[in-house]
Amino acid sequence: MENFATDTRNYTAELLLSDIVNLVNKDAIRVLPNFGVGHGKGGAILLNCLYAAYTGDDNYYAEAEKLLEAAFKELNPSQYQSVLTSNFYLDIAEFAGLLIYLEENGHLSDKYETLLSQVDDLLAERLIQNIEEQNFGMSKGAIGIGFYLIKRSGVSLTALNAIDHLLNALDLAKEGNQITGYYWTCKYFKEPRVYTGLAHGNAMMISFFCSLYEAGYRQEKCKELVTHSVQFLLQNRMDSSIYTSVFPLWIKEAEKTTNHCLVYGDIGTAYAIIRAAVIFNHKEYLKEGIEIALLSLKRKTHEETFLNDASVKYGAASPCLIYNRIYQLTGITSFKQASAYWAEQIPVYAVHNNESLGFNSFFFGEFENAQLDLNFGLIGIGLTILQAISDQYAINKFIWLH
């Protein structure tokens, strides 16, 4: 494909989506080195299945089948290629979760119970190591694996026992008390920090406990942990009129914080608070969460958002997806309108003279696979556009928005 930057004046969302899918299908097998959803062929499989359902064109299911066949050939851990933030265990959890999703939603007719049982055993064993290392992260730790095991806990005793072990470990690892609220120190990075957001912090923990609660598992314990985790966040707010954000990225002396994406920022943390408040019917927390989310709506400039590309994890797709999820939880039309606004901004970032339809990952621009994958590249952008124009094919469960 020739190098070009997108002419946003005459480029409809439908046309852009079509071009993205075709480019992904041209390059995915060559460029995406593993089977994961966030960084690998799993994301391309998801895109093709949803696009096939949206268009009614079974040729895209045929593309998904080719990608699925290629992904299965890469499941051997000795042949696994890690890229960027990926690791074998999270990728196998993502891929197995994808198979469950595609079967449940009628995109796959094959059954993969034997494979899923093997994945249960593998991840339950890995979970023990994560817990011993106090690695409770989303991308490379126990929580990322844990969300998959929740899906399996109703049919797999191995998964259920692993979830029980993880919840006990998280309960023991919590710090604080019922006056200050509960929090967890992230020990994944060289400098231990108490984060607030969906990637490493209390919002991540809240979302995980909410999913456990919804699965019907040890609900009183989940409710206790969620209630006091939200309490900790609300007790550590900043003055957004001074610091732009309500929450710091991690607990420290207050400073200007502009992040406005899935990985870091108020919108992800507000989503977790709102989700918890809805599940537990906590009116005060719901009021607080909605107020924080509404306050963030005015942030649209680069100085207020630090959005530098269109990607799912760090770019304009983030507020599009998060505000839509908050709208689903609250029914407040301001969030639906905000999601639509950010969907309209996605093509604005297609300004680069390159082979990726003008889009370019700000943080990982030198990596070809990052230009294509779900987390940082075209697959995620395409899935966001598809969700926005169809109002149907939601990708929430693949991007931490359960």
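Probe radius 1.4 Å, ligands and nucleic acids left out: which of D121, D373, D171 has the largest accessible area, and how do the rest follow?
Values: D121 85, D373 0, D171 35 Å².
If we order D121, D373, D171 from most to least accessible, we get D121, D171, D373.
Search the structure for amide H atoms under 5 Å from the amide H of A316, placed 1.01 Å from N in the peptide plane, and list their residues when 5 or more places away or on another chain.
For A316, the qualifying residues are D309, A310, S311.
Quick check: at a probe of 1.4 Å, how many percent of the accessible area of the range 300-363 sits on carbon and sulfur atoms? Walk me through the intermediate numbers first.
Details: 1270 of 2560 Å².
After summing per-atom areas, the C and S share lands at 50 percent.
Taking only the C-alpha atoms, wrap a convex hull around the range 328-402 and report its volume per residue in Å³ as a whole number.
100 Å³
Can you give me the convex hull volume of the Cα atoms of the range 299-371, divided per residue and expressed in Å³?
Working: hull volume 6.3 nm³, N = 73.
Spread over its residues, the Cα hull of the range 299-371 gives 87 Å³ apiece.
Amide H of S156: which non-local residues (sequence gap of 5 or more, or other chain) have their own amide H closer than 5 Å, using H built in the peptide plane?
The answer is none.
What residues qualify as long-range amide H neighbours of F35, i.e. H under 5 Å apart, gap of 5 or more or another chain, H built at 1.01 Å from N?
Amide H to amide H, under 5 Å and 5 or more residues apart or across chains, F35 pairs with K41.
Which lysines, if any, have their Cα less than 20 Å from the Cα of K252, not counting same-chain residues under 8 positions apart?
K174, K187, K190
Which value, in nm² and rounded to one decimal, describes the direction-averaged projected area of the C-alpha convex hull of the range 1-144? Don't skip to the answer; put the middle values down first.
Working: hull surface 41.3 nm².
Across all orientations, the range 1-144 yields a mean hull projection of 10.3 nm².
Cα extents of the range 233-282 along the three principal axes, largest first, in whole Å?
The Cα atoms of the range 233-282 stretch 32, 22, 18 Å along the principal axes, largest first.
Among the trypsin sites (Lys or Arg not before Pro) within the range 171-258, which fall in a DSSP loop and have no more than 14 other Cβ atoms within 10 Å of their own Cβ? Walk me through the numbers before you get to the answer.
Values: sites: K174, K187, K190, R193, R218, K221, K223, R237, K252, K256; in loops: K174, K187, K190, R218, R237, K252, K256.
Listed in order of number, the matching sites are K190, K252, K256.
For the range 71-187, just the Cα atoms, rotate onto the principal axes and tell me the three extents in Å, largest first.
Reported extents, whole Å, longest axis first: 51, 31, 22.
With a sphere of radius 15 Å drawn around the Cβ of N168, what net charge do the other residues whose Cβ falls strictly inside it have (Lys, Arg +1; Asp, Glu -1)? Provide the component values of the computation, followed by the final result.
Values: positive: K174, R218, K221; negative: E132, D164, D171, E220, E224.
Net local charge, N168 excluded: -2.
Please identify every one of the trypsin sites (Lys or Arg not before Pro) in the range 280-358 that sits in a loop by DSSP and has no more than 10 other beta carbons within 10 Å of its own beta carbon.
Working: sites: K283, K287, K298, R299, K300, K313, R325, K336; in loops: K298, R299, K300, K313.
Sites meeting the loop and neighbour criteria: K298.
Can you show me the helix-derived [θ] at 222 nm for the chain, built from DSSP H runs with n ≥ 4 at -39,500 (n - 2.57) apiece and divided by the number of residues, rounded to the nearest 500. Each step should come with its number before you reach the end.
Working: 17 runs with 224 residues, N = 402.
Taking each H run of at least 4 residues, the total per residue is -17500 deg cm²/dmol.
Could you let me know the centre-to-centre spacing of the range 138-197 and the range 388-402, using Cα atoms, in angstrom?
Result: 24 Å between the Cα centres.
At 4 °C and 1.567 mPa s, grab the translational diffusion coefficient of the chain from Stokes-Einstein with a Kirkwood Rh over Cα pairs, rounded to a whole number in µm² per second. Mind dumping the intermediate values first?
Working: Rh = 21.3 Å.
Estimated diffusion coefficient is 61 µm²/s.
So with the 1.4 Å probe, I'd like the accessible area per residue for the chain, rounded to whole Å². Mind dumping the intermediate values first?
Details: 16520 Å² over 402 residues.
About 41 Å² of surface per residue is accessible.
Hey, any idea what % of the range 1-155's accessible area is carbon plus sulfur with a 1.4 Å probe? Mind showing how you got there, number by number?
Details: 3180 of 6790 Å².
Result for the range 1-155: 47 percent of the exposed heavy-atom area is carbon or sulfur.
Would you compute, for the Cα atoms of the range 143-254, the largest minus smallest coordinate along each principal axis and list the three values in descending order, in whole Å?
That works out to 50, 30, 23 Å along the principal axes.
Could you compute the FRET efficiency for E65 and H402, with r as their C-beta to C-beta distance and R0 at 30 Å, rounded to 0.05?
Numbers: r = 28 Å, r/R0 = 0.93.
Between E65 and H402 the formula returns 0.60.
Using the Cβ atoms and a cut-off under 15 Å, what net charge is assigned to the surroundings of K221, where Lys and Arg are +1 and Asp and Glu are -1?
Details: positive: K174, R218, K223; negative: D164, D171, E214, E220, E224.
Within the 15 Å Cβ shell, the charges total -2.
What are the ³J(HN,Hα) couplings of the range 363-379, residue after residue, when phi is run through the Karplus curve with 6.51, -1.76, 1.60 and θ = phi - 60°? Round to Hz, x for glycine and proline.
8, 10, x, 7, 9, 4, 5, 5, 6, 10, 6, 6, 5, 10, x, 5, 4
Under a cut-off of 13 Å between alpha-carbon atoms, report the aspartates and glutamates in cross-link reach of K313, not counting same-chain residues fewer than 8 places apart.
Cα-Cα hits under 13 Å: D373.
The values are calculated or read from the model by the stated rules, or taken from the named source; none is laboratory data. The model shown is predicted, which means the values in this text are computed figures rather than measured ones. A quick note on method: Cβ atoms are made from the backbone with ideal geometry, for glycine too, and the neighbour counts reach across all protein chains shown. Just the protein is used for accessible areas: all its heavy atoms, side chains included, with ligands, DNA and RNA removed. Shrake-Rupley method; radii C 1.70, N 1.55, O 1.52, S 1.80 Å.
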